[in-house]
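The values are calculated or read from the model by the stated rules, or taken from the named source; none is laboratory data. Owing to the predicted nature of the structure, the values given are computational and were not obtained by experimental measurement. Ideal geometry is used to build each Cβ from the backbone, glycine not excepted, and the neighbour counts take in all protein chains shown. Calculation scope for accessible area: heavy atoms of the full protein, side chains included, ligands and nucleic acids excluded. Shrake-Rupley method; radii C 1.70, N 1.55, O 1.52, S 1.80 Å.
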Amino acid sequence: PYSMFNFLPSLSFSTLRKPRRTPINNNNNINGERLYFVVFLVVLLSRCFPTLSASSCLDSYLDSYLDSYLDSYTMSSVALTVRKVARVLPALPTSDGAGVRLSRAIGTRALDHLDPFLLLDHFSSDNPDDYIAGFPSHPHRGFSTLTYMLQGDFEHRDSKGNVGRLSSGSVQWMTAGRGVIHSEMPIQKDGRLSGFQLWIDLPRASKMIEPSYQDIHSEVIPEVPLFEGGLVRVISGMFRGTRGPVDSIVPLLYLDTRVQPQPEAHTIQYALPAGHACFVYVYEGNLEVDQRQVAAGNLVVFDSPAATDAEEHQIQIRTTSAGYILVAAQPLKQPVVRRGPFVMCTQEDLMQAFVDYQSGAF
């Protein structure tokens, strides 16, 4: 009763073809032929066998296939500037707080800061002696902090009355502004504790704003699937149409990508506005970027090419198994004058921060 083509009265094979463009490589042509076949098969099964479970399975497969196909086709058909690696730096072991052992990737002699990023610490240990002393009360002025927990539990308290619990997968955003005193202490007595703290500079005009605090639970952080065993957690900014929950004064892209072991390497592409500073920190596994192999515990700093007609740049990362954060923001291009927990734009403002703290103005 069914002709093989009569369920497509207004659709011909020519309408299934993608818009004609100059081919970049043969992979797009091959992928295109596969895509036409999958479309045809899904439509055929859904019309001929509406109750067949295979049809819905193929439909789900088509969704994921279309995502990967359109990503690869768009990236190869539109001229984007692919960012190159400027430096690869190992995170250096150090201690902070009351003796917490950690690895510092930004805020070292090799990389004092990467405008607007002032510091990046990675803490990760199964030994309670490495973290149990925590970070007792201490002041901040002139910047924001983002703490992201991969595993474990911390408690935050500050002089403005904010109390929050940092658990696995959650985020704490604190804008110190004109001044705040806070503590971050581990709740757990044993087990693994792992996460990051990132310091982001504030614009000169915002350094003396009132402090603010965001406590963001893991369940509200969206996850974007890449392929089976691969996903991106969108903490801040936008990735493939999904926006993260962190609301920051300096617009920030902060993504956590997790790739479980794969039989073959996958290339993952990230778009970011031209001119934004960008880094990747590998916390698990290894990856390839700009034809360079990067292992866990290393920071990848990308170049900042001169402004071009391209509104977006692209980061390309290839891996079979890895965990890494990708962070980007527009440089503030202002002086950085800092000492300890205070970051200002002039020496006079820095000295005033110490005076205000000692006089109880925080």
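Excluding Arg204 itself, calculate the net charge of residues whose Cβ lies under 14 Å from the Cβ of Arg204, where each Lys or Arg counts +1 and each Asp or Glu counts -1. Intermediate values should be presented prior to the final figure.
On the way: positive: Arg141, Arg178, Lys207, Lys333, Arg338; negative: Asp115, Asp201, Glu348, Asp349.
That sum, taken over residues with Cβ under 14 Å, equals +1.
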### Query
Given the C-alpha centroids of region 297-346 and region 244-271, what is the distance between them in whole angstrom?
14
### Task
Decide, for region 243-362, between rounded, prolate and oblate: order the square roots of the alpha carbon gyration tensor eigenvalues as a ≥ b ≥ c, take rounded if a/c falls under 1.5, and otherwise choose prolate if a/b is larger than b/c, else oblate.
prolate
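Determine, for each peptide in 244-251, 219-226, the mean count of other beta carbons within 10 angstrom over its residues, then list the peptides with the highest first. Don't skip to the answer; put the middle values down first.
Numbers: 244-251: 17.1, 219-226: 13.9.
Taking the mean over residues of other Cβ atoms within 10 Å, the ranking is 244-251, 219-226.
Taking the solvent-accessible surface of protein heavy atoms with a 1.4 Å probe, what is the per residue accessible area of region 299-362 in Å²?
Details: 3120 Å² over 64 residues.
Using a 1.4 Å probe on heavy atoms only, each residue of region 299-362 averages 49 Å².
Can you work out the accessible area per residue across region 113-272, with the rest of the protein chains kept in place, probe 1.4 Å, in square angstrom? Show your work: numbers first, answer last.
Values: 6260 Å² over 160 residues.
Per-residue accessible area for region 113-272 comes out at 39 Å².
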### Task
Would you work out what percent of the accessible area of region 236-325, with all protein chains in place, is carbon or sulfur (probe 1.4 Å)?
44
### Task
Would you work out if region 133-215 is rounded, prolate or oblate? Take a ≥ b ≥ c from the square roots of the eigenvalues of the alpha-carbon gyration tensor; rounded if a/c is under 1.5, else prolate when a/b is larger than b/c, oblate otherwise.
prolate
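So, R0 is 56 Å and r is the distance between the beta-carbons of Ala133 and Lys84; what FRET efficiency does that work out to, to 0.05?
With R0 = 56 Å, the Cβ-Cβ based efficiency is 0.85.
Which of the peptides 190-197, 322-329, 349-356 is most tightly packed, and how do the rest follow, going by the mean number of other Cβ atoms within 10 Å of each residue? Before the final figure, lay out each step's value.
On the way: 190-197: 18.4, 322-329: 23.4, 349-356: 16.4.
Peptide ranking by packing, descending: 322-329, 190-197, 349-356.
Quick one: with all protein chains in place, what share of the accessible area of region 124-235 is carbon or sulfur, to the nearest percent (1.4 Å probe)?
On region 124-235, the fraction of accessible area on carbon and sulfur atoms equals 49 percent.
How much net charge surrounds Asn162 when only other residues with a Cβ under 14 Å from its Cβ are counted (Lys, Arg +1; Asp, Glu -1)?
On the way: positive: Arg157, Lys160, Arg165; negative: Glu155, Asp158, Glu184, Glu210, Asp215.
Result for the neighbourhood of Asn162: -2.
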### Query
Where in region 134-165 does the amide nitrogen come within less than 20 Å of the point 7 Å from the Cα of Val337, taken along Cα to Cβ?
140-144
## Note on the structure
Quick calc, Gln151 & Leu92: beta-carbon distance into FRET formula, R0 22 Å, rounding 0.05, result 0.50
### Task
Sticking with the crude label model, points 7 Å out along Cα→Cβ, report the distance from Ala295 to Glu264 in nm, one decimal please.
2.8
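Work out how much length His217 to Ala271 would gain on full extension: take 0.36 nm times their residue separation and subtract the Cα-Cα distance, in nm to one decimal.
Details: separation 54, 0.36 × 54 = 19.44 nm, distance 2.60 nm.
Using 0.36 nm per residue and subtracting the Cα-Cα distance, I get 16.8 nm.
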